[in-house]
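Each reported figure results from applying straightforward, stated rules to the coordinates on display, with no laboratory input. Just so you know, these numbers come straight off a predicted model, no measurement behind them. Cβ placement follows ideal geometry from the backbone for every residue including glycine, while neighbour counts extend to all protein chains displayed.
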Amino acid sequence: MRGKQASKRKIKPDSKYQLPQLAKFINYIMKGGKKITATKIVYQALDIIKEKNKGDSIEIFKRAIENISPVVEVRSRRIGGANYQIPYPTNESRQFVLASRWIIAAAKAKKGKTMAEKLAEELLDAAEKQGSAIKKKEDVHRMAEANKAFAHFARY
């Protein structure tokens, strides 16, 4: 790596709930710089959650992210002509990125509804430890468990 590592930028919290995590999630949903559209989608999804669950939608969002966040992940590394899948612990920011990515991908994969409805459904499923995003997390954990023998190759 050359030069200094770029410093982390502080992200402004979202306008409605004043949560930096939610603002970051909105940015991940955004396509082509259309932030207003992304914001509408996320807020509509949170409203749908509030109607369906009669609970705090932000609490469900936080629980969903927490349930999907992976503790370990595998990275491919070439050692002596062979590729090994080496398990590494995942830091907090990477956990949030992966959890958000998996929720959004699972919501996009569903058909026949608006994005807000699909996102709300996926967040509710994730909060209850169900759905395809949870399956993705379990797959990653299973892969790390299977390759635990190669953990000594990891450089921290």
Sum of side-chain charges, V140 neighbourhood, beta-carbon under 13 Å (Lys, Arg +1; Asp, Glu -1): +3
Loop trypsin sites (Lys or Arg not before Pro), region 1-69 (other Cβ atoms within 10 Å of the site Cβ: 10 or fewer; DSSP): R2, K4, K8, R9, K10, K31, K54
Whole-number percent relative contact order across the chain, with pairs defined as alpha carbons under 8 Å at least 6 apart: 24 percent
Pairwise FRET efficiency - N27 versus S132, Cβ, R0 = 25 Å, nearest 0.05: 0.65
The chain: angle of helix 57-68 to the longest principal axis, Cα-based, in degrees nearest 10: 20 degrees
Scaled radius of gyration (Cα, divided by 2.2 N^0.38 Å) that the chain gives: 1.18
Near-label residues of region 45-80 by backbone N, under 20 Å of a point 7 Å along Cα→Cβ of I11: 45-47, 57-71
Cα-projected label distance for I58 with Q18, points at 7 Å along beta-carbon direction, nm: 0.8 nm
0 to 90° range, to nearest 10: angle between helix 92-109 axis and the chain longest Cα axis: 60 degrees
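Would you tally the net charge around T39, using a Cβ to Cβ cut-off of less than 11 Å, leaving T39 out, and scoring K and R as +1, D and E as -1? If you can, show how the numbers build up before the last one.
On the way: positive: K16, K34, K35, K40; negative: D14.
Residues near T39 contribute +3 overall.
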Sparse-neighbourhood loop sites, trypsin sites (Lys or Arg not before Pro) in region 97-145 - DSSP loop, at most 12 other Cβ within 10 angstrom: K111, K113
Relative contact order computed over region 72-156 (Cα-Cα under 8 Å; 6+ residues apart), in percent: 39 percent
Amide H within-cut-off set for L19, under 5 Å, with H built and near neighbours excluded: D14
The chain: angle of helix 35-53 to the longest principal axis, Cα-based, in degrees nearest 10: 80 degrees
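Report the local net charge at M115: Lys and Arg +1, Asp and Glu -1, summed over other residues whose C-beta lies under 11 Å from its C-beta.
After counting each charged neighbour, the total is +3.
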Space enclosed by the convex hull of the alpha-carbon atoms of region 1-78, per residue, Å³: 160 Å³
Theoretical ellipticity at 222 nm over the chain - DSSP helices of four or more residues, -39500 (n - 2.57) apiece, nearest 500: -18500 deg cm²/dmol
